[in-house]
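Undergrad: Can you keep this structure in mind? I'll have questions shortly.
The values are calculated or read from the model by the stated rules, or taken from the named source; none is laboratory data. Keep in mind that what you see is a predicted model, and the values were worked out from it rather than measured. Please note: Cβ atoms are built from the backbone with ideal geometry, for glycine as well, and neighbour counts cover all protein chains shown. Accessible surface areas use protein heavy atoms only, side chains included; no ligands, DNA or RNA. Shrake-Rupley method; radii C 1.70, N 1.55, O 1.52, S 1.80 Å.
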Amino acid sequence: MIHFVGAGPGAADLLTVRATRLLAEADVVLYPGTYLDPEVLAHAGAGARLVDTQRMDLDQITEVMVQADREGLQVVRLASGDLSVYSALHEQTRRLDAAGVAWDCTPGVPAYAAAAALVGRELTVPLLAQSVVLTRTQARSTAMPEGESLEAFAATGATLVLHLAITRCRELMERLLPSHGADCPVVVVHRASQPDELVLRGTVADIADQVEAAGLRQAAVILVGRALAAGQGTESFLYDPTRERRRAD
């Protein structure tokens, strides 16, 4: 059995209880060395084989998992953040299905949630933003589907979460300027929850200067939207004292 496990944003104590149990029971652990705090691997058993996948392609990764499964070994495939976003889960499980290898998934804390928690902000604030768009940009990567342009998402007014985009921050802010305005809040979080975490707070107008001054090149998420401003918006009708509530019998 192959257990795909979301390793969370990096901190060893932000894994789920299930994730730590699976790691302790695993014979083989494959992990993304580029993004993972090494302390996460302390949850693995002393005899576990640790495989850093940062320089392996998907076929090589799959070969390790399939061979281990055929040997009757328990395998954990760690992914940074949560498996539901940019984890290559689809590609890997498709290969495992073709090989007849069973697998399951354990979710993790997504990077954007860790970033929002770090700065103490809710991404959905009444009358400011009630939706969150998780997206990325295209450079040396797979083409974006038609219709999923940054401008199209920006026009909705939703809070934007930009993954895999830190090296293009200046270009992206220029594209967001017409829809969001120069004063729109932006937060950049590098390696949230890890020892070298860094938080940059700014606006569409100045955040790129901060990113370039800090020399950020990877492992960062960009949050953009009016919901990031302190004291803005209104209160939810859910807790309004005038709202009619059913009494418990």
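Undergrad: Sorted by average packing, counted as other Cβ atoms within 10 angstrom per residue and highest first, what order do 104-117, 15-28, 145-158 take?
TA: Taking the mean over residues of other Cβ atoms within 10 Å, the ranking is 104-117, 15-28, 145-158.
Undergrad: Compare the peptides 207-216, 79-88 by average per-residue count of other Cβ atoms within 10 angstrom and give them in order, highest first.
TA: Per-residue Cβ counts within 10 Å, averaged per peptide and sorted highest first, yield 79-88, 207-216.
Undergrad: Follow-up. Using each residue's phi in segment 144-154, evaluate 6.51 cos²θ - 1.76 cosθ + 1.60 at θ = phi - 60° and report the 3J(HN,Hα) Karplus result to the nearest Hz, with x for Gly and Pro.
TA: 6, x, 4, x, 9, 7, 4, 4, 5, 5, 4
Undergrad: Might you report the magnitude of the Cβ-based charge dipole of the chain about its Cα centre, with Lys and Arg at +1 and Asp and Glu at -1, to the nearest 20 debye?
TA: Around 280 debye, computed over the chain.
Undergrad: Taking all protein chains as present, what is the carbon and sulfur share of the accessible area of segment 1-118, in % to the nearest whole number, probe 1.4 Å?
TA: Of all accessible area on segment 1-118, carbon and sulfur atoms account for 51 percent.
Undergrad: Taking the structure as given and computing Rg and Dmax of the Cα atoms in Å, which label from (i) 17.5, 56; (ii) 20.4, 63; (iii) 18.5, 58 fits?
TA: (ii)
Undergrad: Taking H as built 1.01 Å from N, whose amide H comes closer than 5 Å to the amide H of Gly33, not counting residues under 5 places away?
TA: For Gly33, whose amide H was placed from the backbone, the distant partners under 5 Å are Thr53, Gln54.
Undergrad: Taking loop as defined by DSSP and a crowding limit of 12 other beta carbons within 10 Å, which trypsin sites (Lys or Arg not before Pro) in segment 179-217 fit?
TA: Arg217
Undergrad: What accessible area per residue, rounded to a whole number of Å², is obtained for the chain using a probe radius of 1.4 Å?
TA: Value returned for the chain: 54 Å² of accessible area per residue.
Undergrad: Quickly estimate the mean residue ellipticity at 222 nm for the chain, helices only: each DSSP H run with n ≥ 4 gives -39500 (n - 2.57), and the total goes over all residues, rounded to 500.
TA: -8000 deg cm²/dmol
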